[in-house]
Amino acid sequence: MKIYKYLQNTIQEKGAAYLILLDPDKLSEEKLIPFVKHCENSGVDGFLIGGSLMVNNNMDSFIEMVKTSSSLPAIIFPGSVNQVSSFADAILFLSVVSGRNAEHLIGKHVLAAPIIKKTGIEPISTGYILVESGSTTTAVYMSGSLPIPRNKPEIAASTALAAEYLGMKLIYLEAGSGADNPVPNEMVKAVSQLVSIPVIVGGGLRNPNTAREKVENGASIIVTGNFFENEDNWDMIKEFASAIHIKQGLLV
């Protein structure tokens with residue numbers, strides 16, 4: 001089954017999908033296997049894999065370990081053209097539509113496209129929207145683009161609609177790794193009501209109730225990342241999954 005179709009089916013069945021971001025630079029190989037298995041047993045629906053810098057340059061071996069330790073899909077969340085691997089199931093083909101930096105709208109994509117074609121993994125075109133979160137995040141700094149002001153949901157909604165009209169399959173509202181504040185509920189709602197494609201929300205989500213609020217306001221996919229780099233927080237993964245899977249909660 002294609003990964004995009006898998007995500008659509010999961011959203012339909014559970015109300016929303018839950019993905020966890022794995023950064024090869026921040027998660028050691030010793031912790032990776034037990035963490036991945038714990039995620040699968042706790043109700044996670046898949047993994048995003050990538051980082052802003054990839055200092056260790058061990059993308060292939062990292063993804064291979066994820067795939068051998070879990071039956072969940074491994075989707076590349078690329079921080080650069082170099083983050084492409086044939087071991088993955090799919091890749092988010094990201095365009096930073098909130099910015100005006102041509103390199104991140106189309107430039108890098110021209111370089112990446114033949115590489116992705118050669119690997120045979122599934123590209124999922126994604127409109128990536130950076131949202132002001134209270135501090136300068138790595139995503140904002142590395143992309144060289146301004147985020148959308150958090151009090152301007154209409155700008156985010158119009159940007160998302162333009163991305164959908166350009167043919168993109170997903171919208172990603174990104175507050176950024178370790179964000180002070182998550183994407184506002186008002187913005188999630190405005191975007192979700194205007195577009196007809198799934199909306200991903202990530203960044204700054206540190207408790208299950210906040211994650212559920214995003215789903216209740218229209219988010220179809222929730223992503224958590226560096227919060228679970230702290231092993232003390234692993235026991236909360238199941239709570240996140242239960243909060244995000246709102247349809248399953250109604251059946252209990």
statement: On the formula 1/(1 + (r/R0)^6), with r taken between the Cβ atoms of residue 71 and residue 239 and R0 of 22 Å, the FRET efficiency rounded to 0.05 is 0.50
task: Arrange 220, 86 by Cβ neighbour counts within 10 Å, fewest through most, would you?
output: 86, 220
message: What is the sum of charges, Lys and Arg at +1 and Asp and Glu at -1, for the other residues whose Cβ falls under 15 Å from the Cβ of residue 1?
response: -2
message: Below 14 angstrom from the Cβ of residue 40, what's the summed charge of the other residues (Lys, Arg +1; Asp, Glu -1)?
response: +2
query: By how many nm would the segment from residue 118 to residue 155 grow when fully extended, if each residue of separation counts as 0.36 nm and the alpha-carbon distance is taken off?
result: 9.7 nm
field: Packing-based exposure ordering (other Cβ within 10 Å, fewest first) of 35, 227
entry: 227, 35
- prompt: In what sequence, highest mean first, do 124-132, 23-31, 234-242 appear when ranked by Cβ atoms within 10 angstrom?
  reply: 124-132, 234-242, 23-31
- prompt: What lysines could a cross-link reach from residue 26, if we take a straight Cα to Cα line under 20 Å and drop same-chain neighbours fewer than 8 places away?
  reply: 37, 67
query: Which of 240, 158, 34 sits closest to the plus end of the dipole of the stretch 3-251, meaning its Cα is farthest towards the positive end, when Lys and Arg get +1 and Asp and Glu get -1 on the C-beta?
result: 158
Theoretical gain in end-to-end length, residue 82 to residue 166 [0.36 nm per residue, Cα-Cα removed]: 27.7 nm
field: Using θ = phi - 60° and Karplus 6.51 cos²θ - 1.76 cosθ + 1.60, couplings along the stretch 80-97 (whole Hz; Gly, Pro as x)
entry: 7, 4, 6, 8, 10, 9, 6, 6, 7, 8, 7, 9, 6, 8, 7, 10, 7, 6
message: Taking the Cα centre as origin and putting +1 on Lys and Arg beta-carbons and -1 on Asp and Glu beta-carbons, what dipole magnitude results for the stretch 3-251, to the nearest 20 debye?
response: 620 debye
- prompt: Label residue 37 and residue 231 with points 7 Å out from Cα along Cα→Cβ: what is the distance between them in nm?
  reply: 1.4 nm
field: Pair-distance profile P(r), taking every C-alpha pair of the chain, with 5 angstrom steps and integer %
entry: 1, 7, 14, 19, 21, 19, 12, 5, 1, 0
Alpha-carbon centroids, the stretch 95-139 and the stretch 185-252: separation in whole Å: 22 Å
query: Add -39500 (n - 2.57) for each DSSP H run of 4 or more in the chain, then divide by its residues: what number comes out at 222 nm, to the nearest 500 deg cm²/dmol?
result: -11500 deg cm²/dmol
- line: DSSP beta bridges in the chain: the antiparallel percent, rounded to 5, is 0 percent
Straight-distance crosslink candidates among lysines, where the alpha carbon sits under 25 Å from residue 152 and sequence neighbours closer than 8 are dropped: 169, 189, 214
- prompt: Expressed as cubic angstrom per residue, what is the convex hull volume of the alpha carbon set of the stretch 103-252?
  reply: 136 Å³
message: With an 8 Å Cα cut-off and a minimum separation of 6 or more residues, compute the relative contact order for the stretch 3-251 in percent.
response: 20 percent
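Here, each number is a calculation from the coordinates, and none is a lab measurement. Computed from a predicted model, the values in this text were never measured in an experiment. Heads up, the Cβs are rebuilt from the backbone with ideal geometry, glycines too, and the neighbour counts pull from every protein chain shown.
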